[in-house]
Amino acid sequence: MNPSSLQSGATGQSAARPLGVLAALPQELGDLIATMQTESGVLTRTLGQRDYHLGTVHGTPCVVTLARVGKVAAAATASALIHVFDVDALVFTGVAGGVGPDVHVGDVVVGETLLQHDMNAEPLFPRHEIPLLARSRFDADRALAQALAAACERFVAEEGAALAARFGAALPRFETTLPRVHRGLVISGDQFVASAAAVNALRAALPDALAVEMEGAAIAQVCHEYEVPCAVVRTISDTADEHASTSFSSFLTDIAGTYSTGILRRFLASYPVAGR
Ligand code: SAH
């Protein structure tokens, strides 16, 4: 497919609305742009210092871009995807710190609910509540989250053993167990969490949190406000403690792309998902 046909108007007809796919860092996109290049060619538009790549990936018309790091960057990118590229839905892929007691490096977390852990307008509003929105938690789209989790389960079932062989030395728990797929609360804030004290404080404040990162809940807020479905999938690169920066860096360089590639290939091949 010619990527220019993604934009309505070129032929006088409006094409299927694309899916927005984003990550913070290039390693987290895996082979998406290379696959787009082979499958349809890539049309790139630069806007607000970001490159938006339009084309088809595994049969799905997509706009793929990098949000960069943090809530403002993520919100601005989500807004452009919605208003300039008219995306039908939005999926974020990347890495995160494990917070839940059973969430280990190499596991995958699919966000069912997202919250900004650093929002605090007390005493005017309850802790974590977004002022004037009257809520602290934003739901991912159920059908999208379900389809992402199914893609993760298939990825682990089909490639888990190979992952263990390839990355076992870097991820000690691979010696005995395969990575697990968790679903639940993902928390976001403008902070790389990298100490036992910081992660324990998050556990105490939000006992159901599974993973911490820096973008997901900002995207979920923008998507909530514009009624655009969204979902977030995060591979655990570290456990947000003193080892976080070393663990994050080696995971990002060596492993993150393998997960994104394997998960998104399965997800995009079955898109659009039933129930939407
Ligand atoms: N550009 C820098 C910094 C990345 S910050 C670099 O490449 O080194 C970490 C990124 O990974 C963020 O996008 C965040 O969403 C995610 N992340 C992974 N582990 C995290 C943790 N322990 N705390 C917060 N964010 C984490």
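The values are calculated or read from the model by the stated rules, or taken from the named source; none is laboratory data. Quantities reported herein were computed from a predicted structural model and do not represent experimental measurements. In this analysis, Cβ positions are derived from the backbone assuming ideal geometry, glycine residues included, and neighbour counts consider all displayed protein chains. The protein model used for the area step is the full one, side chains on, heavy atoms only, and it has no ligands, DNA or RNA in it. Shrake-Rupley method; radii C 1.70, N 1.55, O 1.52, S 1.80 Å.
Between residue 102 and residue 246, the simple spin-label model (points 7 angstrom out along Cα→Cβ) gives 2.9 nm.
Note on the chain: along the principal axes its Cα atoms extend 58, 52, 35 Å, ordered by decreasing extent.
Rounded to the nearest Hz, the phi-derived 3J(HN,Hα) couplings of the stretch 256-266 under the Karplus curve 6.51 cos²θ - 1.76 cosθ + 1.60 (θ = phi - 60°) are 3, x, 4, 5, 4, 4, x, 6, 5, 4, 5, where x marks glycine and proline. Measuring between their Cα centroids, the stretch 116-185 and the stretch 215-263 lie 8 Å from each other. The length gained on full extension between residue 133 and residue 162, counted as 0.36 nm times the residue separation minus their Cα-Cα distance, comes to 5.9 nm. Per residue, the solvent-accessible area of the stretch 3-269 (1.4 Å probe, heavy atoms of protein chains only, all protein chains present) comes to 41 Å². The simple spin-label model puts a point 7 Å past each Cα toward its Cβ; for residue 203 and residue 121 those points are separated by 3.1 nm. Karplus-derived 3J(HN,Hα) values for the stretch 190-197, using 6.51 cos²θ - 1.76 cosθ + 1.60 with θ = phi - 60°, are 7, 7, 7, 7, 8, 7, 4, 5 Hz; glycine and proline are entered as x.
About the centre of its Cα atoms, the stretch 118-276 shows a dipole size close to 540 debye [charges on the beta carbon of Lys, Arg (+1) and Asp, Glu (-1) only; nearest 20 debye]. Backbone amide hydrogens, once placed in the peptide plane, bring residue 238 within less than 5 Å of 96, 98, excluding anything fewer than 5 places away on its chain. May I ask which residue of 177, 105, 233 lies farthest towards the positive end of the charge dipole of the stretch 3-269, with charges of +1 (Lys, Arg) and -1 (Asp, Glu) on Cβ and the Cα centre as origin? Value: 233.
Other residues within the sphere of radius under 13 Å centred on the Cβ of residue 137, judged by their own Cβ, net out at -2 (K and R +1, D and E -1).
Across all directions, the average projected area of the convex hull around the alpha carbons of the stretch 51-103 is 5.0 nm².
Taking amide H as placed 1.01 Å from N in the peptide plane, residue 63 has its amide H under 5 Å from the amide H of 19, 20, 21, each at least 5 places away in sequence or on another chain. Each listed q (0.15, 0.24, 0.26, 0.31 Å⁻¹) maps to a log10 I(q)/I(0) for the stretch 110-152 from the Debye sum over equal C-alpha point scatterers, namely -0.46, -0.75, -0.81, -0.99.
Of 40, 69, 197, which is farthest towards the positive pole of the chain's charge dipole, taken about the Cα centre with +1 and -1 on the beta-carbons of Lys, Arg and Asp, Glu respectively? Towards the positive end, the residue furthest out is 40.
Evaluate E = 1/(1 + (r/R0)^6) for residue 49 and residue 177, where r is the Cβ-Cβ distance and R0 equals 41 Å; express this FRET efficiency to the nearest 0.05. Taking R0 as 41 Å, the efficiency between residue 49 and residue 177 is 0.50. Counting protein heavy atoms only, the chain has 53 percent of its accessible area on carbon and sulfur, 1.4 angstrom probe. Applying the Karplus relation 6.51 cos²θ - 1.76 cosθ + 1.60 with θ = phi - 60° to the stretch 205-221 yields 3J(HN,Hα) values of 6, 9, x, 8, 5, 9, 8, 10, 8, 10, 9, x, 6, 5, 5, 5, 5 Hz, where x marks Gly and Pro. Here the average projected area of the convex hull drawn through the C-alpha atoms of the stretch 121-276 stands at 10.4 nm². The Cys residues in the chain with no partner Cys Cβ within less than 4.7 Å of their Cβ are 62, 152. Secondary-structure-derived ellipticity at 222 nm for the chain, considering helices only, amounts to -10500 deg cm²/dmol, per-run term -39500 (n - 2.57) for DSSP H runs with n ≥ 4.
Rounded to the nearest 20 debye, the dipole magnitude of the chain is 400 debye, with +1 charges on Lys and Arg beta carbons, -1 on Asp and Glu beta carbons, and the Cα centre as origin.
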